[in-house]
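The values are calculated or read from the model by the stated rules, or taken from the named source; none is laboratory data. What you see is a predicted model; the values in this text were computed from it and never measured. So basically every Cβ, Gly included, is an ideal-geometry build from the backbone, and we count neighbours across all protein chains shown.
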Number of protein chains: 2
Amino acid sequence: MANFQLSDAFLEAIQTLIGAEKDKKLRQKLNDLHYADIAEIIEALTAEEALYVIKLLDSEKTADALAEVDEDLREKILKQLSAKEIAEEVEELDTDDAADIIGELPSERQEKVLSQIEDTAHEKDIRELLRYKENTAGSLMAKELVKVHEDLSVLKCVNAMRKQAAEVTRVHSIYVVNEDNQLLGRLSLKDLLTANSRAVVKDICIPKVDHVHVDEDVEEVAKVMSKYDLEAIPVVNDKKQLLGRITIDDIVDVIKEEADKDYQLAAGISNDVEADDSIIELTRARLPWLFLGLLGGLGSVFILKDFETVMNKPELRSLFFYTPLIAAMAGNVGVQSSAIIVQGLANDIVKGSLLERLFKEVGLSLINGFFLSLVLIGFGQIMGQAFILSLTVAIAMMGVIVMAALIGTFVPIILDKRGIDPAIATGPFITTANDIFGIFLFFFFAQIILGF
Amino acid sequence: MANFQLSDAFLEAIQTLIGAEKDKKLRQKLNDLHYADIAEIIEALTAEEALYVIKLLDSEKTADALAEVDEDLREKILKQLSAKEIAEEVEELDTDDAADIIGELPSERQEKVLSQIEDTAHEKDIRELLRYKENTAGSLMAKELVKVHEDLSVLKCVNAMRKQAAEVTRVHSIYVVNEDNQLLGRLSLKDLLTANSRAVVKDICIPKVDHVHVDEDVEEVAKVMSKYDLEAIPVVNDKKQLLGRITIDDIVDVIKEEADKDYQLAAGISNDVEADDSIIELTRARLPWLFLGLLGGLGSVFILKDFETVMNKPELRSLFFYTPLIAAMAGNVGVQSSAIIVQGLANDIVKGSLLERLFKEVGLSLINGFFLSLVLIGFGQIMGQAFILSLTVAIAMMGVIVMAALIGTFVPIILDKRGIDPAIATGPFITTANDIFGIFLFFFFAQIILGF
């Protein structure tokens, strides 16, 4: 691969040059790099060194790098820049990235930066984007796009496009609009390359064009774009007026963030944190779920206390030795079931009635439970444990597995139907609930069978 | 959104038409739909109905739909089609999709289908793609691309492109090669639109072009493409000869599959399963991990048995009530730590030395453990439990939390250094290990403090 790999030696060389303030050599070393590589270098530097590099290089180079770096680092750097300096960086960015960066600033600073932007059209576009709510198509789109009027000749169209294309980083589609800026269709570059030059835009316009409403949820946009393999999608308002477009690279980020969030929720981590965040941020993300787990654990202390008298019967004491096993099985089964359902809901592949699903989960649990019970009874026999005790533990475990699977399956479905993100149901939430229920059910079954 | 939404009514209408064999009406209803929508409809039908639709519609329409549907369903449909029929479908597909479908067939059928493909160039390309190993750039790339010779004039270039473009679904980049088919650079459509028509390709060629080696791992390709926001990347061999190109829509699928796999591993599910897979498939994916959990649980039975005599001392019996709590905390902390590290490793953001990370995790655990201990001691006081017992449980819990965090952090790092996918370390693996260690440590600490 001909791609840049940040080596320790290269990084050290950069740091030495910064320390010695050898600006010319620094520029030489950095100017030919891709902005994504510069972003990588900046992230490896201290905040002060990063600031030095940002101030040294042209905005043309650093603006995109700044848009790429970690939000925490960007905040530190922007604090050290004047409103004028931030405006210069923002001027180099597409409107979507520009709005993202300005949106992160404290609101009084936002106004200062916006008023320093020299290109008033750019400023107006950014102001518009800042108005859209987070996680809507509007918040993700860029204003930069190529559009042509339906009545234009193909020749004039190419000229109009040339002008516009100079402003747009990448031309995906050429959108066709009428005099009210309503989206009528699109042109493919391919068709344009092969069109008769006397033709009019209308003639080669493809009237079918996928589009999303400006208030649409970004996850929905991601689904549409990946279902139809789109690389860009136009965004319209209620009147079907063309407002902007969303490109696939932004969607890739949405998909990744969504996956990371679900994974973290499943692991009991709230907030978006990374391995290199501060201890305080990491504590805030992790402590609440551990606290929930602790409450669950204290709940099981209560339940077990209720059965304390069982300890007076030496032949039944072993029941207590099985409590961690029961809790673990309940937790594991619950997480498995909920993870499959959460994924299924996310990909729209949970079909069939609730009753069918119920039968399936019960069937699955009975098969799994049966095999595991055999192992458990075998273990009891080897250990010289009373058969009735092994059988009791095995039966109780089957019951717990069925119950855990049902909770794991239906909690996410119910949450989803109520419009709550079902991903929250995986992880500690399900584990904790299942721990308590599991232990309770276990002793409940044992009590019935053994009659204590 | 102007997109197709599959309604129950529409589906029923389709099923009725299939039942009554009203081919003409069926064609009317389906022919205008996007292939992704047809795929969605096919997935909602029974396998027989799906087969009926596939046979009814033109290959032009169904080939892409067939490439989109779930692998299990495709297998069922392909079994019912003759080699000739499959070859007709495959003929309509780009080489990458064609190779994917043929690769899924039993090897003796592959040969039969390949020999029925009429376009010999297409057949040769597919045969080449079938040779690349799974999860390499070669297995993901398509042979379809637009390339021009460096010495061509811009005018001739446009003509050459027109011809090639007719064969390529989407033109991303125009690659420039020499007479040995070695990749020299690329042309941007934008530059081509604005170029002087007397210029030669060489003049407007952008020599810097990201590319990947044909044996590169697909995850690595995904990283490069998303880092540099690429929509297509050319694939080359050792001699830098242009072999094919990978497009971003395939990468989106790779990213999603990767995320799903990690999520399932964290939840204790091996193999790639979906909510709607058969009970047997789901059992095979889930039982092994449950078995592992069971073994862990049996391990803790052993440990607890060792401390059975503690039950003879009524004032210490409560220790047993806390075992599920201890096991749960150990499991939760371990999963949190490992999930953060696994994500960090995947995104290359785990920096600093192992020693720094060790200090950070211990610090984090002590903070979390301290708060949770306070709650635990408060609970003990309210319950009228001996203070020394509460204190013992609290101290032991702190020890268990620190241990669990360290295991959760370092197991993935060690696995990663040895080239094993660290994602396997999250989920049941960590939970089970931590359950056993946690319970052992808990009684070990209690024994030291309380001296039983």
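Some observations on this one:
- Residues (in a helix (DSSP H, G or I), within 8 Å of another protein chain (Cβ to nearest Cβ) and in contact (Cβ under 8 Å) with a residue 24 or more places away in the chain) located in the range A:291-324: A:Gly293, A:Gly296, A:Gly297, A:Ser300, A:Leu304, A:Ser318, A:Thr323
- Candidates in the range B:434-452 are the residues that are assigned to a helix (DSSP H, G or I) and small (Gly, Ala, Ser); of these, the one that is surrounded by the fewest Cβ atoms within 10 Å (Cβ to Cβ) is B:Ala446.
- Taking the criterion of being more than 19 Å from B:Ala405 (Cβ to Cβ) and of a type in the set (A, V, I, L, M), the residues of the range A:281-327 that qualify are A:Leu295, A:Leu298, A:Val301, A:Ile303, A:Leu304, A:Val310, A:Met311, A:Leu316, A:Leu319, A:Leu325, A:Ile326, A:Ala327.
- Each residue in the range A:230-248 was checked for being part of a loop (DSSP other than H, G, I, E, B) and under 21 Å from the mean Cα position of the chain (by Cα), and 2 of them qualify.
Quick grid of which residues meet (1) farther than 24 Å from A:Gly268 by Cα; (2) aliphatic (A, V, I, L, M):
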position	(1), (2)
B:Ala266	no, yes
B:Ser270	no, no
B:Glu274	no, no
B:Glu281	yes, no
B:Val301	yes, yes
B:Leu304	yes, yes
B:Phe307	yes, no
B:Tyr322	no, no
B:Gly331	no, no
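- Lone qualifier among B:Leu17, B:Leu56, B:Leu66 - being over 32 Å from the mean Cα position of the chain (by Cα), free of Cβ contacts under 8 Å to residues at least 40 places away in the same chain, assigned by TED's automatic domain parsing to the domain that holds B:Glu92 and surrounded by 19 or more Cβ atoms within 10 Å (Cβ to Cβ): B:Leu17
- The range B:361-380 - residue that is β-branched (Val, Ile, Thr) and closer than 23 Å to A:Glu274 by Cα and, of those, nearest to the chain's Cα centre (by Cα): B:Val362
- When the residues of the range B:182-203 are filtered to those that are within 12 Å of chain A (Cβ to nearest Cβ), touching a residue at least 12 places away in the same chain (Cβ under 8 Å) and more than 29 Å from B:Asp238 (Cα to Cα), the one that is surrounded by the fewest Cβ atoms within 10 Å (Cβ to Cβ) is B:Asp191.
Yes/no matrix, rows are residues, columns are (1) within 13 Å of chain B (Cβ to nearest Cβ); (2) within 27 Å of the chain's Cα centre (by Cα); (3) modelled with pLDDT of 90 or more; (4) surrounded by fewer than 18 Cβ atoms within 10 Å (Cβ to Cβ):
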{"site": "A:Val393", "(1), (2), (3), (4)": "yes, no, yes, no"}
{"site": "A:Met397", "(1), (2), (3), (4)": "yes, no, yes, no"}
{"site": "A:Ala405", "(1), (2), (3), (4)": "yes, yes, yes, no"}
{"site": "A:Asp416", "(1), (2), (3), (4)": "yes, yes, no, no"}
{"site": "A:Gly419", "(1), (2), (3), (4)": "no, yes, no, yes"}
{"site": "A:Ala423", "(1), (2), (3), (4)": "yes, yes, no, no"}
{"site": "A:Thr426", "(1), (2), (3), (4)": "yes, yes, no, no"}
{"site": "A:Phe429", "(1), (2), (3), (4)": "yes, yes, no, no"}
{"site": "A:Thr432", "(1), (2), (3), (4)": "yes, yes, no, no"}
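- Residues in the range A:255-290 that are closer than 26 Å to A:Asp435 by Cα and more than 9 Å from chain B (Cβ to nearest Cβ) were compared, and the one that is modelled with the lowest pLDDT is A:Asn271.
- Scanning the range B:204-227 for residues that are farther than 24 Å from B:Val148 by Cα, within 7 Å of another protein chain (Cβ to nearest Cβ) and without any contact (Cβ under 8 Å) to a residue 40 or more places away in the chain yields B:Val224, B:Ser226, B:Lys227.
- Filter pass, A:Ile382 being among the hydrophobic types (A, V, I, L, M, F, W, C) and either at pLDDT 90 or above or surrounded by 21 or more Cβ atoms within 10 Å (Cβ to Cβ) (or both): yes
- Residue match in the range A:80-103 (condition: outside the structural domain of A:Val218 (by TED's automatic domain parsing), within 27 Å of A:Val273 (Cα to Cα), of a type outside the set (Phe, Trp, Tyr) and free of Cβ contacts under 8 Å to residues at least 24 places away in the same chain): no
- In summary, B:Glu118 fulfils each of the numbered conditions (1) assigned to a helix (DSSP H, G or I); (2) in contact (Cβ under 8 Å) with a residue 24 or more places away in the chain with the single exception of condition (1).
- Any hit, the range B:355-362, residues being closer than 21 Å to B:Ala404 by Cβ, free of Cβ contacts under 8 Å to residues at least 24 places away in the same chain and either within 7 Å of chain A (Cβ to nearest Cβ) or in contact with a Gly (Cβ under 8 Å, 6 or more places away or on another chain) (or both): yes
- Residue among A:Ala346, A:Ala330 that is surrounded by 18 or more Cβ atoms within 10 Å (Cβ to Cβ), touching a residue at least 12 places away in the same chain (Cβ under 8 Å) and under 25 Å from the mean Cα position of the chain (by Cα): A:Ala346
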